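The structure appears right after this line, and notes come after that.
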Amino acid sequence: LNWLIAKGAIPILGARTTAQIEDNLRSAGWLLKPEDVRVLDEVSQPQDKYPYRFIEWANERVRAGR
């Protein structure tokens, strides 16, 4: 949740217990270091697998007018 907050998102919290709500709310009480945000950004990138590779190929064809 803190990573989402660092990226400017407003996360929607979901919890079934009071403890989960408290954990979720604590995520807003501190900031990740910029290098931690960068690492999380890198590891969360989708792999070059279907459908991403196909989508990029199709977009290139559309941009080229094919």
- Answer residue from the range 35-61, given it is part of a helix (DSSP H, G or I) and more than 28 Å from Ala6 (Cβ to Cβ) and is least open to solvent (accessible area, probe 1.4 Å) among those: Ala58
- Within the range 11-34, is even one residue at pLDDT 90 or above, surrounded by 12 or more Cβ atoms within 10 Å (Cβ to Cβ) and outside any helix (DSSP H, G or I)? yes
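The values are calculated or read from the model by the stated rules, or taken from the named source; none is laboratory data. All of these numbers come straight from a predicted model, not from anything done at the bench. Virtual Cβ from ideal backbone geometry, glycine too; neighbours counted across all protein chains shown. The accessibility values were calculated without ligands, DNA or RNA, using every heavy atom of the protein model including side chains. Shrake-Rupley method; radii C 1.70, N 1.55, O 1.52, S 1.80 Å.
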